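Peer 1: Pasting a structure below so you can have a look.
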Amino acid sequence: MSREMVLQARGLVKEFGGFRALDGLDLELRRGEVMGFLGPNGSGKSTTIRILLGLLKKSAGDVTLLGEDPWKHAVELHRQLAYVPGDVELWPNLSGGECIDLLGDLRGGLDETRRADLLERFSLDPTKKFRTYSKGNRQKVALVAALASDVDLYILDEPTSGLDPLMEAVFQDYVRQLKADGKTVLLSSHILAEVEALCDRVTIIRDGRTVETGSLADIQQLQQTHFDITTVKSPENLAEMPGVHNYQHSDNTASFQVEPDQLAAVTEAVAALGVTHITSHPPKLEELFLRHYDKQPETATRES
Amino acid sequence: MGAFTGTGRLLKLALRRDRIVLPVTIVIAVALVAGSAPALAEVYNTPAAINSYVASGASSAVGRVFQGPIQGATLGSILIAEVFLFGAIILGIMSAFIITRHTRHNEELGAAELLGAGVVGRSAPLSAAVVLALLANGVTVIALYASFTLMPDFDQIGSLYMSLALGGFGLAMAGVAAVTAQLSDYWRGANLLAMAALGVFFIVRGFGDVLGELSADGLSVTSHWLSWLSPMGWAYLVLPYADNRVMPLLLLGGLFVVLTAIGYALLYRRDVGSSLFASRPGRARASALLSGTWGLAARLQWSNLLAWGAGFVVSGILIAVVVNDYQQTFQENEIFRQLLASTGSTTASFLELIIALMYPLMATFLAGYAVAALIKLSDEETSGRLEALLATATDRTRWLWSHVGSTMIGSVLLFAAMGVTGALGFAAVSGTTEVDPSMIWWASLIIVPAMLVFISGIALVYALWGRWVKPFAWTWYAYCAFIGSFAGIFSWPDWVTKLSPFDYTPAYPSDTVEWSILAALVAVAVVMSLVATVIFRQRDITTE
Ligand SMILES: Nc1ncnc2c1ncn2[C@@H]1O[C@H](COP(=O)(O)OP(=O)(O)OP(=O)(O)O)[C@@H](O)[C@H]1O
Ligand SMILES: [Mg+2]
């Protein structure tokens, strides 16, 4: 899979005064990918996106967007991308429809049928003044403006914050459509279900550094598998086996996680105990994220 | 949870948010009112000088509009005539803005909703704002009175009533804003409504005083009953330094209480964040006018241009009328003779001198147009709207110039308009052929180069320091207006006056026009705005 690189950041650093918001961040995105961009609050997602948009000047590192420097070629690049900010603030006296048309016009034109379709599916009244929209409806204005543009790259910074579940579903439909059309999407989000449903790959950052990147399947494979077992013999000896973590048991029932490379040895040992009940599942994405978001460094710096 | 829960917390928040704006406003108000007093006492140091000032003010229609109903030949009368209107307006605006800022503006920022869901009661934001308005006016009254206790030339009781009348008017305007804040659904709208009310108060009172009766000795005016219809009229009718009446003070206080109560009542009839006057629906599609960066700038700047345009047009006419009306009385007036002497020329006719004096004076006040237009730059950036714009194919230079350039073009239009209305007005009211009306048109337009410097200076500060442009622009504006008004009276070192670009404008038509100065002003403006552009292209765009 050597599709064209749409976005590439290496060792990206951004300092505000003395504070390092980005501290050597790496990020890669290929054409046609939908990439989940995750990290705890304040980890530097929006800062990264603002550098990609040429709004902030990087302090160090390399970054290219569609092969160009996003700071020097902001205007040309922006004709090929659409952006949805997490906190949408537009002109209070303009109607939603005016905001959508204006932003579309400045980006180089809107797809009229898509505009109409989006308004209908998001059930957004375009005649209301922007200041009178609720939080979710403000978000929809920005979403319609961005998704109605026919561009190659969509940069979405927490695009669904404030949307109700019905509208979230509409949004997900649209992103799937974009994916089918071969568009590239960078999606920063705190909604894990959304990421799980939409993204081919994820990049997780913390404190301005990339701590994990890869396809969802790969990441899951590299993680520990969870077991709940009830056995005839006492399962106590499992606790001491290499690769077993978070071991807990009461009587003959135990739960624990196993590292992938020890899976064969552990399942053999379990079988030898005489299994009366067993369930096992791959790690939930949520557990994975929480581990990375958690402050303990050893879990977060695990190399994949 | 009570309706007032959290008032204290909100008040603390409000004090924090206003910790710069309010002290600066109060200092400006006190400095201009109390600060001008010693100068007046020095200029009008003989009974004859006082008499001549009071007689000319009492007998002139324009004098009555701007000086109020003058009350006898005292130094106090002159103080009221010179600074009371200014004090009332500044305290009125301050008080109204305190209310709208900490109620409607908070709501629009979403802060009120957030707080409302948590630990503050429904009445708390308005209550905090009202308490802040009381505090601000109270401090101003005390500071004013305290400074006058140091000036034995002015009657102490009169100074007390003068201070109270100004504070009382401030509170009345706070009451007005407590109502307008509930009526409009947008804080700028609430401000505009309150300012419109201030304008009406001024006009009604002005008419009342113009129609007032002149006393037999020609030194006092008894206002027509129309003045009693205007709270600003009440403030004047306290008649400080003369009758020192209590009743109008009570009226002002009563109005504050009643309007605030109405504000609370209305508050309970609307949802937080919505309002009684629901917004009219807008267009579903952008019109052809709203396209491109310049289309957006025009849309955002239009109402500001119109509002100030009204000021420029009226000023043009006013100057014409004043010049004509005052020809005689000015010549006998000490303060004007001094001001005229400061413009330097000895060969020019009196009319030429006064035209050369009035236009730059007006201009420094009207320069507020540029401030109002350009602080939008930082509004757009801090709100995040600029981020949304620059994420489209909008070039930074183009965006910056859509505002800076349209403000420059707007200024040319406004000064041209003031020149036209002035020339027409002068042609209509004067019988003399001594001054060619085209001279008035040029007297207005000649200020444009200085205005361009003012604009590009503000743009440069914005490019360098973003949001700091707001306090800077307002301070520079107040400074220029102050220098413009008082440079002739006080003798300051050169550099003090030279910090105002308007001070460089050649005195036209009384002096020969030095084109090199005008060219230098334009060159400075060009250089500063180009530097601003280069810097702005290099800096981070942030909402912090
Ligand atoms: N203009 C600025 N000046 C100073 N510090 C800033 C600025 N912009 C961002 N920061 C800081 O940089 C860090 C990263 O912020 P950023 O907004 O990128 O986080 P984020 O990952 O988007 O968080 P969230 O999930 O809350 O949106 C934060 O600590 C923030 O306070
Ligand atoms: Mg963010």
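Peer 1: Just wondering, is there one or more residues in segment A:3-21 that are away from ligand 2 (no atom under 16 Å from the Cβ) and either within 18 Å of A:Gln139 (Cβ to Cβ) or of a type in the set (Phe, Trp, Tyr) (or both)?
Peer 2: Within segment A:3-21, the subset away from ligand 2 (no atom under 16 Å from the Cβ) is A:3-11, A:13, A:15, A:17-18, A:20.
Right, trim to either within 18 Å of A:Gln139 (Cβ to Cβ) or of a type in the set (Phe, Trp, Tyr) (or both) and you get none.
For segment A:3-21, residues away from ligand 2 (no atom under 16 Å from the Cβ) and either within 18 Å of A:Gln139 (Cβ to Cβ) or of a type in the set (Phe, Trp, Tyr) (or both): absent.
Peer 1: Looking at B:Ala197, B:Ala278, B:Ala286, which one is within 14 Å of chain A (Cβ to nearest Cβ) and at pLDDT below 85? Break it down into steps so the answer makes sense when it comes.
Peer 2: Details: B:Ala197 fails: within 14 Å of chain A (Cβ to nearest Cβ); B:Ala286 fails: at pLDDT below 85.
So the residue among B:Ala197, B:Ala278, B:Ala286 that is within 14 Å of chain A (Cβ to nearest Cβ) and at pLDDT below 85 is B:Ala278.
Peer 1: Still on this model: So which of B:Leu237, B:Leu229, B:Leu255, B:Leu250 ends up being touching a residue at least 40 places away in the same chain (Cβ under 8 Å) and surrounded by fewer than 22 Cβ atoms within 10 Å (Cβ to Cβ)? First the steps, then the outcome.
Peer 2: Values: B:Leu237 fails: surrounded by fewer than 22 Cβ atoms within 10 Å (Cβ to Cβ); B:Leu229 fails: touching a residue at least 40 places away in the same chain (Cβ under 8 Å); B:Leu250 fails: touching a residue at least 40 places away in the same chain (Cβ under 8 Å).
Unique residue meeting the criteria: B:Leu255.
Peer 1: Taking segment A:120-141 as the region of interest, how many residues are more than 9 Å from every other protein chain (Cβ to nearest Cβ), touching a residue at least 24 places away in the same chain (Cβ under 8 Å) and in a helix (DSSP H, G or I)?
Peer 2: Qualifying residue count for the region: 7.
Peer 1: Inspect all residues belonging to segment A:185-205 and state whether any of them is among the acidic types (Asp, Glu) and without any contact (Cβ under 8 Å) to a residue 40 or more places away in the chain.
Peer 2: Yes, that holds for at least one residue.
Peer 1: Of the numbered conditions (1) more than 14 Å from chain B (Cβ to nearest Cβ); (2) under 18 Å from the mean Cα position of the chain (by Cα); (3) more than 16 Å from ligand 1 (Cβ to nearest atom); (4) not in a helix (DSSP H, G or I), A:Leu187 satisfies every one except a single condition; which is it?
Peer 2: Going through (1) more than 14 Å from chain B (Cβ to nearest Cβ); (2) under 18 Å from the mean Cα position of the chain (by Cα); (3) more than 16 Å from ligand 1 (Cβ to nearest atom); (4) not in a helix (DSSP H, G or I) one by one, A:Leu187 breaks only (3).
Peer 1: What helices (runs of 4 or more DSSP H) lie completely within segment B:459-544 and have 3 or more residues being buried (at least 20 other Cβ atoms within 10 Å of the Cβ), in the same structural domain as B:Ser383 (by TED's automatic domain parsing) and basic (Lys, Arg)? Full working, then the answer.
Peer 2: On the way: elements: B:469-486, B:494-498, B:515-538.
Counting at least 3 such residues, we get no helices (runs of 4 or more DSSP H) at all.
Peer 1: Which residue is nearest to A:Leu103 (Cα to Cα), if the candidates are limited to segment B:390-404 and must be buried (at least 21 other Cβ atoms within 10 Å of the Cβ) and facing another protein chain (nearest Cβ under 7 Å)?
Peer 2: Out of the qualifying residues, it is B:Thr392.
Peer 1: Would you confirm whether any residue within segment B:530-542 is over 19 Å from B:Ile409 (Cβ atoms), of a type outside the set (Gly, Ala, Ser), within 16 Å of ligand 2 (Cβ to nearest atom) and in contact (Cβ under 8 Å) with a residue 12 or more places away in the chain?
Peer 2: yes
Peer 1: If you take the residues in segment A:142-161 that are assigned to a helix (DSSP H, G or I), away from ligand 1 (no atom under 16 Å from the Cβ) and facing chain B (nearest Cβ under 10 Å), which one is surrounded by the most Cβ atoms within 10 Å (Cβ to Cβ)?
Peer 2: So in segment A:142-161, the residues assigned to a helix (DSSP H, G or I) come out as A:142-147.
Right, trim to away from ligand 1 (no atom under 16 Å from the Cβ) and you get A:143-147.
Of the ones still in play, those that are also facing chain B (nearest Cβ under 10 Å) are A:145-146.
Working: A:Ala145: 28, A:Ala146: 26.
Per the stated criteria, the residue is A:Ala145.
Peer 1: A further question follows. Within segment A:218-234, can one find any residue that is exposed (fewer than 15 other Cβ atoms within 10 Å of the Cβ), small (Gly, Ala, Ser), more than 16 Å from the chain's Cα centre (by Cα) and not in a loop (DSSP other than H, G, I, E, B)? Outline the logic, then answer.
Peer 2: So in segment A:218-234, the residues exposed (fewer than 15 other Cβ atoms within 10 Å of the Cβ) come out as A:218, A:221, A:228, A:232-234.
If we keep only those that are small (Gly, Ala, Ser) too, we end up with A:234.
So of that shortlist, the ones also more than 16 Å from the chain's Cα centre (by Cα) come out as A:234.
Narrowing the set further to residues that are not in a loop (DSSP other than H, G, I, E, B) leaves none.
For segment A:218-234, residues exposed (fewer than 15 other Cβ atoms within 10 Å of the Cβ), small (Gly, Ala, Ser), more than 16 Å from the chain's Cα centre (by Cα) and not in a loop (DSSP other than H, G, I, E, B): absent.
Peer 1: With a cut-off of at least 1 residues that are away from ligand 1 (no atom under 13 Å from the Cβ) and either away from chain B (no Cβ under 13 Å) or in contact with an Asp or Glu (Cβ under 9 Å, 6 or more places away or on another chain) (or both), name the helices (runs of 4 or more DSSP H) lying wholly within segment A:1-116. Explain how you work it out, then say what you get.
Peer 2: Details: elements: A:45-52, A:74-78, A:96-107.
Qualifying helices (runs of 4 or more DSSP H): A:74-78, A:96-107.
Peer 1: Would you pick out the residues in segment A:80-109 that are surrounded by fewer than 24 Cβ atoms within 10 Å (Cβ to Cβ), more than 16 Å from ligand 2 (Cβ to nearest atom) and farther than 21 Å from B:Ala297 by Cβ?
Peer 2: Within segment A:80-109, A:Gln80 is the sole residue that qualifies.
The values are calculated or read from the model by the stated rules, or taken from the named source; none is laboratory data. Quick caveat: nothing in here was measured; it's all calculated off a predicted structure. No Cβ is skipped: glycine too gets one built from the backbone with ideal geometry, and neighbour counts run over all protein chains shown.
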